[in-house]
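Worksheet: the structure to be examined is printed underneath.
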Amino acid sequence: MRQAMAEAEVGDDVFGEDPTVNELQKMAAELFGMEAALYVPSGTMANLIAVMVHCRERGDEMIVGDLSHLHIYEQGGTAQLAGVHSTTVTTLPDGTFDLDQLESKIRHGYPDAHYPRSRLVCVENTHNIQGGRVLPLPFLKEVKALAEKYGLAVHMDGARMMNAAVAQNVTPSTILQNTHSVSVCLSKGLGAPVGTMLAGPHDFISRATRCRKALGGGLRQAGILAAAGKLALGDMITRLEEDHHHARIFAQALLECDPPLYEVDMAAVQTNIVRFRLRDPSLTPTEFCTLMAGVGECEQASIGQGVRVLMFPHIGGSIRAVWHLGVTLEDTQLATRKVQFVARQHSQQTLGAH
């Protein structure tokens with residue numbers, strides 16, 4: 001990627017003259033089955049732009065899952081910057097939500113002066129907080145049908161949508177035929193250093209380009225970044241299954257650990273994220289992550305070397321581990337040995353304390 005970036009042919013992307021960016025945008029649109037695509041610096045900006053385009057008037061409303069990334073982790077930018085109101089539906093364990101509840105949240109009677117106007121439904125695939133869960137295709141089809149019944153659009157926060165496509169063994173366009181727009185991150189498992197692709201109809205992307213400029217996302221010789229994005233979309237998709245495989249190896253090791261310290265739902269391990277819990281409440285997720293990131297006494301003798309594993313405490317008292325192209329099978333095996341070592345050490349310390 002760095003070589004491709006160094007050798008990239010560039011122009012001024014604000015004027016649509018960067019050939020490498022143009023190639024990336026065409027490539028993404030074709031891959032996604034969308035009319036057009038736009039290169040955007042980040043996923044947060046791409047989601048914000050999508051909301052701004054779909055919700056054209058300040059005070060319009062979007063419907064989002066209460067555990068969605070857009071709702072929790074993007075600083076309320078849709079309200080802060082776009083003037084768009086949010087109403088939430090309950091996110092279910094598999095990342096979906098109840099369609100009856102969704103329908104009940106749609107406002108009727110516009111322009112009644114009391115209410116905002118429902119404009120947009122947002123879905124997230126794969127679902128971050130729910131551990132990388134893949135949204136079922138029938139669910140997406142039903143969401144789009146319901147949205148269109150009431151004149152709403154559907155936007156997918158598809159930061160890891162490629163992981164979903166690989167896990168379901170379908171093309172990205174098979175998933176995205178059920179949405180009106182999508183943001184797909186190039187810097188997650190696909191390995192590019194920067195960037196997200198925002199895709200949708202021609203008129204959507206035309207308005208999105210104006211919003212991108214207003215938000216400071218209009219870049220000049222962006223081809224040096226887009227060159228990495230082209231490799232991400234061209235060469236990195238099929239290797240995502242490696243990450244999924246390594247995540248399953250790790251999750252199974254957590255289940256089989258002796259003494260048993262970890263709780264993990266194997267049915268929820270569908271892609272490159274493992275979300276698990278500790279059985280012993282005396283060890284907090286923060287303390288556990290500190291132990292995993294450090295090198296403890298006797299570790300080298302037990303494992304064969306010091307191993308630092310980076311995870312972080314997650315929502316609901318859980319711990320989140322994520323795989324990407326920088327985490328090899330050997331790294332995964334070392335990580336499984338480290339969690340087993342930490343479990344043994346914790347058990348010995350707990351017994352000693354009693």
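The values are calculated or read from the model by the stated rules, or taken from the named source; none is laboratory data. Values in this document were obtained by computation on a predicted structure and should not be read as measured data. No Cβ is skipped: glycine too gets one built from the backbone with ideal geometry, and neighbour counts run over all protein chains shown. Accessible surface areas use protein heavy atoms only, side chains included; no ligands, DNA or RNA. Shrake-Rupley method; radii C 1.70, N 1.55, O 1.52, S 1.80 Å.
Which pairs turn up if I take residues in region 205-230 that are in contact (Cβ under 8 Å) with a residue 12 or more places away in the chain and farther than 21 Å from Phe32 by Cα and look for partners that are open to solvent by 50 Å² or more (accessible area, probe 1.4 Å) and not hydrophobic (A, V, I, L, M, F, W, C) with beta carbon separation below 9 Å, at least 6 apart in sequence or on another chain?
Gly218/Thr209
What tally of residues in region 74-107 results from selecting those that are touching a Ser or Thr at 6+ places or on another chain (Cβ under 9 Å) and either of a type in the set (A, V, I, L, M) or touching a residue at least 40 places away in the same chain (Cβ under 8 Å) (or both)?
Number satisfying all stated conditions: 7.
For Gly200, are the conditions met, namely being at pLDDT below 95 and either under 19 Å from Thr44 (Cβ atoms) or open to solvent by less than 10 Å² (accessible area, probe 1.4 Å) (or both)?
No.
Condition test on Leu120, is it in a strand (DSSP E or B), closer than 28 Å to Ala214 by Cα and touching a helix residue (DSSP H, G or I) at 6+ places or on another chain (Cβ under 6 Å)?
It is true that Leu120 is in a strand (DSSP E or B), closer than 28 Å to Ala214 by Cα and touching a helix residue (DSSP H, G or I) at 6+ places or on another chain (Cβ under 6 Å).
With the checklist (1) more than 26 Å from Pro138 (Cα to Cα); (2) open to solvent by 10 Å² or more (accessible area, probe 1.4 Å); (3) in a loop (DSSP other than H, G, I, E, B); (4) out of contact with any Leu (no Cβ under 6 Å at 6 or more places or on another chain) in hand, flag the one item Gly191 doesn't pass.
(4) is the only condition that Gly191 fails.
On the basis of being small (Gly, Ala, Ser), open to solvent by less than 40 Å² (accessible area, probe 1.4 Å), within 21 Å of Asn178 (Cα to Cα) and not in a strand (DSSP E or B), does Ala4 make the cut?
No.
What tally of residues in region 155-164 results from selecting those that are open to solvent by 10 Å² or more (accessible area, probe 1.4 Å) and in a loop (DSSP other than H, G, I, E, B)?
The qualifying residues number 2.
I'd like the full set of residues that are closer than 24 Å to Val21 by Cα, of a type in the set (D, E, K, R) and surrounded by 15 or more Cβ atoms within 10 Å (Cβ to Cβ), limited to region 211-251.
Selection gives Arg212, Lys230.
How many residues does region 8-48 contain that are under 22 Å from Ile224 (Cβ atoms), part of a helix (DSSP H, G or I) and of a type outside the set (Phe, Trp, Tyr)?
18
Part of a loop (DSSP other than H, G, I, E, B) and touching a strand residue (DSSP E or B) at 6+ places or on another chain (Cβ under 9 Å): is that true of Gly217 in this structure?
yes
Return the residues of region 125-154 that are open to solvent by 10 Å² or more (accessible area, probe 1.4 Å), within 30 Å of Ala247 (Cβ to Cβ), out of contact with any Leu (no Cβ under 7 Å at 6 or more places or on another chain) and not polar (S, T, N, Q); say none if nothing qualifies.
Result: Arg133, Val134, Pro136, Leu137, Pro138, Phe139, Lys141, Lys144.
Return the residue satisfying two criteria in turn: it lies in region 67-84 and is of a type outside the set (Phe, Trp, Tyr) and either over 26 Å from Pro111 (Cα atoms) or part of a strand (DSSP E or B) (or both), and of such residues it is most open to solvent (accessible area, probe 1.4 Å).
Gln75
Condition test on Ala208, is it closer than 16 Å to Thr20 by Cα and either at pLDDT 95 or above or surrounded by fewer than 24 Cβ atoms within 10 Å (Cβ to Cβ) (or both)?
Taking the combined requirement at face value, the residue does not satisfy it.
Among the residues of region 49-66, write down those that are part of a helix (DSSP H, G or I) and closer than 30 Å to Ile315 by Cα.
Matches in region 49-66: Ile49, Ala50, Val51, Met52, His54.
Return the residue satisfying two criteria in turn: it lies in region 7-47 and is free of Cβ contacts under 8 Å to residues at least 40 places away in the same chain and of a type outside the set (Asp, Glu), and of such residues it is nearest to Ile72 (Cα to Cα).
Selected residue: Thr44.
Regarding region 91-103, can at least one residue be identified that is more than 19 Å from the chain's Cα centre (by Cα), part of a loop (DSSP other than H, G, I, E, B) and buried (at least 16 other Cβ atoms within 10 Å of the Cβ)?
There is no residue in region 91-103 that is more than 19 Å from the chain's Cα centre (by Cα), part of a loop (DSSP other than H, G, I, E, B) and buried (at least 16 other Cβ atoms within 10 Å of the Cβ).
Which fully enclosed helices (runs of 4 or more DSSP H) of region 252-354 have 3 or more residues being out of contact with any helix residue (DSSP H, G or I) (no Cβ under 6 Å at 6 or more places or on another chain), of a type in the set (S, T, N, Q) and open to solvent by 30 Å² or more (accessible area, probe 1.4 Å)?
Counting at least 3 such residues, we get 329-353.
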